[in-house]
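*Asks:* The following block contains the structure, expressed as structure tokens.
The values are calculated or read from the model by the stated rules, or taken from the named source; none is laboratory data. Keep in mind it's a predicted model, so treat the numbers as computed, not measured. Don't worry about glycine lacking a Cβ; one is built from the backbone with ideal geometry, like all the others, and counts go over all protein chains shown. With ligands, DNA and RNA removed, areas are computed over all heavy atoms of the protein, side chains included. Shrake-Rupley method; radii C 1.70, N 1.55, O 1.52, S 1.80 Å.
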Amino acid sequence: MTLQQPLARDPQSWLRRAGPEDPVYFFNPITLRETAKRFLTGFPGEVTYAVKANPHDEVLETLAEAGLEAFDVASPIEMALVNRARRSARLHYHNPVRSKSEVAQGRQFGITSWSIDRHSELDKLGDITGAEIAVRLKLPVEGASYDFGRKFGADPETAVELLKTVVTRGGVPSITFHPGTQCHDAGAWEAYIQASADVAKRAGVTLHRLNVGGGFPSHRCDRLPDLQKIFATIAAAKAEAFGGDGPALVCEPGRGMVAEAFQLALQVKAVCDDTIFLNDGIYGGLSEWKDIGASSRVTAVATSGSHSDRMRDFTVFGPTCDSIDTLPETISLPADLKEGDYLLFDGMGAYSTALATRFNGFGDYRIVTLTR
Ligand SMILES: *Cc1c(COP(=O)(O)O)cnc(C)c1O
């Protein structure tokens, strides 16, 4: 729950002044606009945003202002959120499994692209005349933090059959895939683009668009993402696989778009030898750490004076009474870290508030908007 949205110029002095006891997210709209611009100018096709990474109104509004005209949504609630931020936005309903009532609600929202990965879900859509239907392809490729092909996606043989059926029924055929989240390996996109061209050729279908998914990495630990290199690889792979006039490209970044626009400040509730207890953990904004590991981008903020340069490895627990509420790795922090101090985590905009629970009565947070 968002409690209030004050403004701040810099997180550290705001924390010292306000002394918040609940988690605080510092949102930097300038960073988000800059990242959006990087995608809009660098990606060789249309840029959409995967709402699930961070569905806050301010995020959707900032992206709409920055020039995004289409959004990737997975549920009617996400459709309503996008509608509120930008009425004219186009919606891509790229959750390939939907109930009948969700399909009906999608139609009411005017979905402009549907993804499918099996015949039964194509049948559920009923009349698809003139509608863009993107067949979700999956390949056994590596390079991402976890495998998105485990749940969704048709293997190439099934994708060939699905594409043919889409055309027979009067739909507009496209292919979509997702190489897996936090994917540093541009080769994953290359393999998918080549396979998409093969599938389209075997089906005898000219693709309307090729959606290369999300998966663009954010800055976690010491590894800087090289978006420009990934964009260049995607453009070159498309030209090679499809020749001169291939399908128009689309991407749908979540993490890569929003991660850097938020920092998360957590308070140290207790220090006991090499163990610290924070006011949030894996049931809150750090939920993803249990799946994709810790990030080293953490700064300690002393509430009075400053910390020593001597560092120590701490075991970190969250606030709940559950013993698995601990970070997967120890964190190196100033040896004189004290109760009441803060830890400021960078790059925390994606899959943080979106995954936070209210377990054990914790989970309230507020968002402070940075003004520079
Ligand atoms: C989650 C998701 C995305 C965004 O993935 P990121 O790794 O956050 O970029 C894009 N498209 C689809 C279909 C998704 O499910």
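*Asks:* Taking the stretch 217-258, which residues are in a loop (DSSP other than H, G, I, E, B) and within 16 Å of the ligand (Cβ to nearest atom)?
*Replies:* Result: Pro217, Ser218, His219, Pro225, Asp226, Glu252, Pro253, Gly254.
Residues are listed down the side, and each one gets a yes or a no for (1) open to solvent by 10 Å² or more (accessible area, probe 1.4 Å); (2) in contact with a Leu (Cβ under 7 Å, 6 or more places away or on another chain); (3) within 16 Å of the ligand (Cβ to nearest atom):
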| position | (1), (2), (3) |
| --- | --- |
| Gly42 | yes, yes, yes |
| Gly45 | yes, yes, yes |
| Pro55 | yes, yes, yes |
| Asp72 | yes, no, yes |
| Glu78 | yes, no, yes |
| Val82 | no, yes, yes |
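*Asks:* Being assigned to a loop (DSSP other than H, G, I, E, B) and open to solvent by 30 Å² or more (accessible area, probe 1.4 Å) narrows it down to one of Ser287, Ser308, Ser295, so name that one.
*Replies:* Exactly one residue qualifies, and that residue is Ser308.
*Asks:* Note down all Cβ pairs under 6 Å where the first residue falls in the stretch 117-145 and is on the phi < 0 side of the Ramachandran plot and of a type in the set (D, E, K, R), the second is buried (at least 18 other Cβ atoms within 10 Å of the Cβ) and at pLDDT below 95, and they're at least six residues apart or on different chains.
*Replies:* As it stands, the answer is Asp117/Phe152; Asp117/Gly153; Arg136/Phe152; Arg136/Gly153; Lys138/Gly149; Lys138/Gly153, since those pairs meet every condition given.
*Asks:* Quick check on my filter: what residues within the stretch 341-358 are open to solvent by 10 Å² or more (accessible area, probe 1.4 Å), more than 16 Å from the ligand (Cβ to nearest atom) and not β-branched (Val, Ile, Thr)?
*Replies:* Asp346, Ala356, Arg358
*Asks:* In addition: List the number of the failed condition for Gly281; all other conditions in (1) at pLDDT 95 or above; (2) open to solvent by 10 Å² or more (accessible area, probe 1.4 Å) hold.
*Replies:* Evaluating Gly281 over (1) at pLDDT 95 or above; (2) open to solvent by 10 Å² or more (accessible area, probe 1.4 Å) leaves (2) as the failure.
*Asks:* Looking only at the stretch 10-21, which residues are part of a helix (DSSP H, G or I) and either of a type in the set (Gly, Ala, Ser) or surrounded by fewer than 18 Cβ atoms within 10 Å (Cβ to Cβ) (or both)?
*Replies:* Listed by number, the residues that qualify are Gln12, Ser13, Arg16, Arg17, Ala18.
*Asks:* In addition: Are any of the residues in the stretch 159-182 within 26 Å of Pro253 (Cβ to Cβ), open to solvent by 70 Å² or more (accessible area, probe 1.4 Å), modelled with pLDDT of 95 or more and away from the ligand (no atom under 16 Å from the Cβ)?
*Replies:* For the stretch 159-182, residues within 26 Å of Pro253 (Cβ to Cβ), open to solvent by 70 Å² or more (accessible area, probe 1.4 Å), modelled with pLDDT of 95 or more and away from the ligand (no atom under 16 Å from the Cβ): absent.
*Asks:* Just to check your reading of the model, which residue among Val271, Val205, Val199 is surrounded by fewer than 18 Cβ atoms within 10 Å (Cβ to Cβ), away from the ligand (no atom under 13 Å from the Cβ) and β-branched (Val, Ile, Thr)?
*Replies:* Only one candidate qualifies: Val271.
*Asks:* Now for a different question. Is the stretch 22-35 home to any residue that is under 15 Å from the mean Cα position of the chain (by Cα) and either closer than 23 Å to Glu288 by Cα or touching a residue at least 12 places away in the same chain (Cβ under 8 Å) (or both)?
*Replies:* Yes.
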